[in-house]
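The values are calculated or read from the model by the stated rules, or taken from the named source; none is laboratory data. All values derive from a computational prediction rather than experimental measurement. Neighbour counts run over all protein chains shown; Cβ positions are idealised from the backbone, glycine included. Side chains are part of the model used for accessible areas, which takes the heavy atoms of the whole protein and leaves out ligands, DNA and RNA. Shrake-Rupley method; radii C 1.70, N 1.55, O 1.52, S 1.80 Å.
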Amino acid sequence: DAGVTQSPTHLIKTRGQQVTLRCSPKSGHDTVSWYQQALGQGPQFIFQYYEEEERQRGNFPDRFSGHQFPNYSSELNVNALLLGDSALYLCASSPAGQDAYGYTFGSGTRLTVV
Amino acid sequence: GQQVMQIPQYQHVQEGEDFTTYCNSSTTLSNIQWYKQRPGGHPVFLIQLVKSGEVKKQKRLTFQFGEAKKNSSLHITATQTTDVGTYFCLHSGTYKYIFGTGTRLKVLA
């Protein structure tokens, strides 16, 4: 049973560019959340998708947007990249309404903005 | 905004010693989850606590939720080198998911 799959694993972009990160949730999970984790810090919640809609959002600017597809996979888009966007981007999935089982995280995409 | 603080930030212990990390919030938490993140890895779910004063055990790990539901602790008995990593608490509330600042554990053999 595949866990959460994220692609790509590493990415280097230039300031001002746009980036798209992808996530396939664990089989049986329909809710996808995205987190940003800067080096040495805890993950920061970006947003959560359920039924193809953004259900919840953290304190991130509109440059961060996302999408969820009918097969529950998701994309995170970041426009006008800043140096401060360099971080590990984590995708987490869960079955709707079953928080007691926790969130399953992918291995992340390491984004470096130069 | 709401913050969830963890102490200590770092902890170095000799193998076999005990370890405790504390998660503190200024507001009442509806629940608390604990995760472990190995160096270079991703967070892995350990447990969820919901009830006031709740205590749960997983082998050498003991998790506790405070009576006022404003704090939680994770205690590891007789640490092993496999316990190395950063331990995070997570508050999963309505319209917000807040990770604690994390405690990085290093176990010296």
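General remarks:
- Residues in region A:90-108 that are within 11 Å of another protein chain (Cβ to nearest Cβ) and either open to solvent by 10 Å² or more (accessible area, probe 1.4 Å) or assigned to a strand (DSSP E or B) (or both): A:Leu90, A:Cys91, A:Ala92, A:Ser94, A:Gln98, A:Asp99, A:Ala100, A:Tyr101, A:Thr104, A:Phe105, A:Ser107.
- The number of residues in region A:4-23 that are part of a strand (DSSP E or B) and farther than 24 Å from A:Pro61 by Cα comes to 1.
- Residues located in region A:21-35, provided they are open to solvent by less than 30 Å² (accessible area, probe 1.4 Å) and under 15 Å from A:Leu111 (Cα atoms): A:Leu21, A:Cys23, A:Trp34, A:Tyr35
- The set of residues in region B:1-43 being crowded, with 19+ Cβ neighbours inside 10 Å and more than 14 Å from every other protein chain (Cβ to nearest Cβ) consists of B:Phe19 alone.
- Among (1) acidic (Asp, Glu); (2) within 14 Å of chain A (Cβ to nearest Cβ); (3) touching a Gly at 6+ places or on another chain (Cβ under 9 Å) - the single one B:Glu54 does not satisfy: (3)
- Considering region B:78-91, the residues that are more than 24 Å from A:Phe45 (Cα to Cα) and within 14 Å of the chain's Cα centre (by Cα) include one that is nearest to the other protein chains (Cβ to nearest Cβ), namely B:Val84.
- Residue, surrounded by the fewest Cβ atoms within 10 Å (Cβ to Cβ), within region A:50-76, restricted to residues that are modelled with pLDDT under 95 and either over 21 Å from A:Gly97 (Cα atoms) or among the hydroxyl-bearing types (Ser, Thr, Tyr) (or both): A:Asn59
- Qualifying residue in region A:31-40 (condition: closer than 19 Å to A:Gly102 by Cα, at the interface with chain B (Cβ under 10 Å from one of its Cβ atoms) and not aromatic (Phe, Trp, Tyr)): yes
- Pick from region B:44-99, criterion charged (D, E, K, R) and part of a strand (DSSP E or B), ranking: surrounded by the fewest Cβ atoms within 10 Å (Cβ to Cβ): B:Lys57
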